[in-house]
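Student: This is the structure I want to talk about, given as C-alpha cells.
The values are calculated or read from the model by the stated rules, or taken from the named source; none is laboratory data. Predicted model only: the values in this text are computed from it and were never measured. Cβ: placed from backbone, ideal geometry, glycine included. Neighbour counts: every protein chain shown. Note: accessible area is taken over every heavy atom of the protein model, side chains too, but ligands, DNA and RNA are not part of it. Shrake-Rupley method; radii C 1.70, N 1.55, O 1.52, S 1.80 Å.
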Amino acid sequence: TEKSKLSLSFNISKNINEVLELGPGQQQIISSGGLTDSHITRIGHAIGSFFGYKVIGKFQNEQEVADLAKFGNQKVGDFIYQDTNNDGVVNASDRVILGSNLPKFEFGFNVGYQYTDFDLNVSLYSKQKFHVINTMHRYLAEAWGNNLSVYLDESAPRPVWAVGSARAGSSTGF
C-alpha cells in the first residue's frame, strides 16, 4: 500500500590481500602490533600476518621433553613448538606465519520496513575466514598477570581455550 514500504539489500565482498613488493632490498618487515614480534609483512602473504611459533602439542612426560626440540628450559605441561627448520632447537628461525586478521569475505544484509510514522530497520553483518589473537588468554595463561586458579592448578577442569601451563617462566607462542 502507499502507507507501507519494504526495502531489502544484500552485499558481499571478497578481500584479496597479498604483498607484492616492499622497499628496496626488503623481503619482510617484522613488527610488534602491541605484542613481541607478533606480526609480519612478507612478500606473497597478507599484510600484517600473525607471526610466531606453531604449537603442535603439550609435553606429556619427561621422555618427550628429553627427545623433542625445545624452546629454552621447557618442562612437562609446556607447549611443544614446531622445529620448522629441523635443526633440533626451537628458536627465532622456527617462527612461521600463523594466519591473518583480515577477513576473506564480508557479508551484509539489511531489511527496512516503514508504515506511516513507524519504521524498523535490521542490519546483519558478518566477517568470515580470519584469525584473532586471544591476548587475555595469553596474559592469564603465561604467568604475566594475576592468574586465575584454573591456570595455576594443572588438575583443575579447564575451558576449551585454556590449555598450556601457567608455571612461571613459560614461553609464549609469539
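Student: I need every pair where a residue in the stretch 91-119 that is touching a residue at least 40 places away in the same chain (Cβ under 8 Å) has its Cβ under 6 Å from the Cβ of a residue that is of a type in the set (A, V, I, L, M), sequence separation at least 6 or different chains.
Tutor: Sorted first by the residue in the stretch 91-119, then by its partner, the pairs are Ser100/Ala46; Leu102/Ala46; Phe107/Ile12; Phe109/Leu124; Val111/Leu8; Val111/Val122; Tyr113/Leu6; Tyr113/Leu120.
Student: In the list Glu18, Glu2, which residue meets the criterion of being charged (D, E, K, R), open to solvent by 50 Å² or more (accessible area, probe 1.4 Å) and closer than 20 Å to Lys129 by Cα?
Tutor: The unique qualifying residue is Glu18.
Student: While we're here: Could you list, in sequence order, the residues of the stretch 49-83 that are part of a loop (DSSP other than H, G, I, E, B), without any contact (Cβ under 8 Å) to a residue 40 or more places away in the chain and acidic (Asp, Glu)?
Tutor: Passing the criteria: only Asp83.
Student: May I ask you to verify whether Thr84 is at pLDDT 90 or above and under 26 Å from Met136 (Cα atoms)?
Tutor: no
Student: Sticking with this one: On the basis of being exposed (fewer than 11 other Cβ atoms within 10 Å of the Cβ), over 21 Å from Phe105 (Cα atoms) and not hydrophobic (A, V, I, L, M, F, W, C), does Glu64 make the cut?
Tutor: When the stated conditions are applied, Glu64 does not pass them.
Student: Something else about it: Kindly check whether there is at least one residue in the stretch 34-48 that is of a type in the set (D, E, K, R), in a loop (DSSP other than H, G, I, E, B) and surrounded by 14 or more Cβ atoms within 10 Å (Cβ to Cβ).
Tutor: Yes, some residue in the stretch 34-48 is of a type in the set (D, E, K, R), in a loop (DSSP other than H, G, I, E, B) and surrounded by 14 or more Cβ atoms within 10 Å (Cβ to Cβ).
Student: Suppose we keep only residues that are charged (D, E, K, R) and over 27 Å from Ile47 (Cβ atoms) within the stretch 82-101. Which one would you say is nearest to the chain's Cα centre (by Cα)?
Tutor: Asp83
Student: Now a separate question. Of all the residues that make up the stretch 70-81, how many are more than 20 Å from the chain's Cα centre (by Cα) and either basic (Lys, Arg) or open to solvent by less than 20 Å² (accessible area, probe 1.4 Å) (or both)?
Tutor: Count: 4.
Student: Tally time: how many residues in the stretch 33-72 are at pLDDT below 85 and of a type in the set (S, T, N, Q)?
Tutor: Residues that pass the stated criteria total 2.
Student: Name the residue, out of Asn86, Asn11, that is open to solvent by 70 Å² or more (accessible area, probe 1.4 Å) and part of a loop (DSSP other than H, G, I, E, B).
Tutor: Being open to solvent by 70 Å² or more (accessible area, probe 1.4 Å) and part of a loop (DSSP other than H, G, I, E, B) holds for just one of Asn86, Asn11, which is Asn86.
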